[in-house]
Each structure stands twice: as structure tokens, then as C-alpha cells.
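What follows is a single structure, written as C-alpha cells, with notes after it.
The values are calculated or read from the model by the stated rules, or taken from the named source; none is laboratory data. All values reported here derive from a predicted model rather than from experimental measurement. No Cβ is skipped: glycine too gets one built from the backbone with ideal geometry, and neighbour counts run over all protein chains shown.
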Amino acid sequence: MTSLASIPLFERVATAERVLIAGAGGEMFVNPLMAMYFAFDLDAVVRRSLYLPLLEGTKTMFEVASRIEGFRHTVKTRPHRSIPH
């Protein structure tokens with residue numbers, strides 16, 4: 001299982017005292033969802049995945065997308081909401 005510690009970017013900045021996240025042109029942009037990216041336990045997410053067994057045997061991203069889409073038709077999903085910004 002992949003952990004955040006084994007992602008090359010995080011390996012390179014692990015010993016840094018400060019890290020600047022900057023966009024094109026030197027502008028600073030911090031996505032409000034970044035906190036969520038750093039705040040989950042991948043193993044726990046995988047254990048709670050209801051469609052993970054359906055992905056067994058898939059070989060392409062298209063097969064994965066198709067199986068997830070099929071799964072979504074079997075469950076009630078929440079309505080889409082825009083992220084306020």
C-alpha cells in the first residue's frame with residue numbers, strides 16, 4: 001500500500017524547514033482542499049470502500065471507471081454541490 005511518506009515529492013521535502021507552494025508566475029495559491037489531502041489514512045479509506053471488490057481484475061483506467069460508474073447506479077448519491085470560493 002502506498003503511503004504519503006513514499007511519494008517522491010514528500011521524500012524530497014521531508015527535511016525542509018519551509019516549503020513554498022506557488023503557481024505559475026510566482027503567484028501563491030493554496031487550494032482549500034489541500035488540508036483534506038493531507039488528513040486521511042489511505043488504509044482506512046480502502047477498508048471502507050464499497051466498490052473495491054468490483055475493481056479486482058481490472059487492467060485499465062477505463063475498466064476501473066466503468067465499474068465505479070456501474071456501482072454508482074446501484075446506490076443513492078448525494079446531489080452535486082459547488083465548492084464555495
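Among the residues making up segment 63-85, those that are part of a helix (DSSP H, G or I) and either among the hydroxyl-bearing types (Ser, Thr, Tyr) or under 24 Å from ILE7 (Cα atoms) (or both) are VAL64, ALA65, SER66.
Considering only residues that are farther than 23 Å from SER82 by Cβ, at pLDDT below 70 and not in a loop (DSSP other than H, G, I, E, B), which ones fall in segment 20-54? Within segment 20-54, ALA24, GLY25, GLY26 qualify.
Selection of segment 53-73 for residues being under 16 Å from the mean Cα position of the chain (by Cα) and surrounded by 12 or more Cβ atoms within 10 Å (Cβ to Cβ) yields VAL64, ILE68.
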